[in-house]
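Some notes on the structure that comes next.
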Amino acid sequence: MPKGSIEVICGSMFSGKTEELLRRLKRAEFAKMKIAVFKPKIDSRYDNEQVVSHDENTILSIPVKKAEDIISHVNKVQVVAIDEAQFFDEDLIKVCNTLANKGKRIIVAGLDMDFLGEPFGVMPQLLAIAEQITKVHAICVDCGENANHSFRKTTDKELVKLGEKNDYKPLCRSCFITNN
């Protein structure tokens, strides 16, 4: 049986998480591996079916309502990619473990912290079970240091608010504290 694994790519908004996910998928395709890409159905910011990076690179994906829906689409797939993992329900941990235990390579990308600077959704559990973790950083728009926070520019308090550059900006710890 092939060796399965879970890889997690995490960081703030505008840090290149999706770019890194797409880079790994291109390498898998080059190696002639069968891939399947998933994203949460609620994420329709750039496209309903494509995973789109902020640099406008794309790959066709399957939008799903809940994590459990992924299982029915990956029978003959070797690599399973999941973007915006923080928006999935807690079943994503079970789904990733089940698929990795069946020999599939799982690549997950998502925000590790919410706009309040707190661990976001299922990401802490995914980080705990991953064989490989890559934390990417944006550049703080206020001072130029590495940014690991997604600062919400609006006064909305709801935890899940899909947004772009008009709604969020990447900040380092110091500037995040100052802006709050």
Unmet criterion (only one of (1) farther than 24 Å from VAL77 by Cβ; (2) assigned to a loop (DSSP other than H, G, I, E, B); (3) under 16 Å from the mean Cα position of the chain (by Cα)) for ALA128: (2)
Scope the stretch 84-115; condition acidic (Asp, Glu) and either at pLDDT below 95 or surrounded by fewer than 19 Cβ atoms within 10 Å (Cβ to Cβ) (or both); matching residues: GLU84, ASP89, GLU90, ASP91, ASP114
The one condition in (1) under 28 Å from ASN180 (Cβ atoms); (2) in a strand (DSSP E or B); (3) at pLDDT below 95 that LYS39 fails to fulfil: (1)
Filter pass, ALA138 being farther than 24 Å from ALA36 by Cβ, crowded, with 16+ Cβ neighbours inside 10 Å, modelled with pLDDT of 95 or more and under 18 Å from the mean Cα position of the chain (by Cα): yes
Residue within the stretch 167-176 that is closer than 30 Å to SER5 by Cα and free of Cβ contacts under 8 Å to residues at least 40 places away in the same chain present: no
Candidate set: the stretch 71-103, residues that are among the basic types (Lys, Arg) and part of a loop (DSSP other than H, G, I, E, B); chosen: the one nearest to PHE115 (Cα to Cα): LYS102
Residue match in the stretch 8-21 (condition: modelled with pLDDT under 95, in a helix (DSSP H, G or I) and over 22 Å from ALA128 (Cα atoms)): yes
Residue ID - modelled with the lowest pLDDT, chosen from residues in the stretch 162-180 that are in contact with a strand residue (DSSP E or B) (Cβ under 7 Å, 6 or more places away or on another chain) and assigned to a loop (DSSP other than H, G, I, E, B): ASP167
Some residue of the stretch 67-79 being under 30 Å from CYS172 (Cβ atoms) and at pLDDT 95 or above: no
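The values are calculated or read from the model by the stated rules, or taken from the named source; none is laboratory data. Just so we're clear, the structure is a prediction, and the values are computed from it rather than from any experiment. When we count neighbours, we look across all protein chains shown, and the Cβ atoms used for this are built from the backbone with ideal geometry, even at glycine.
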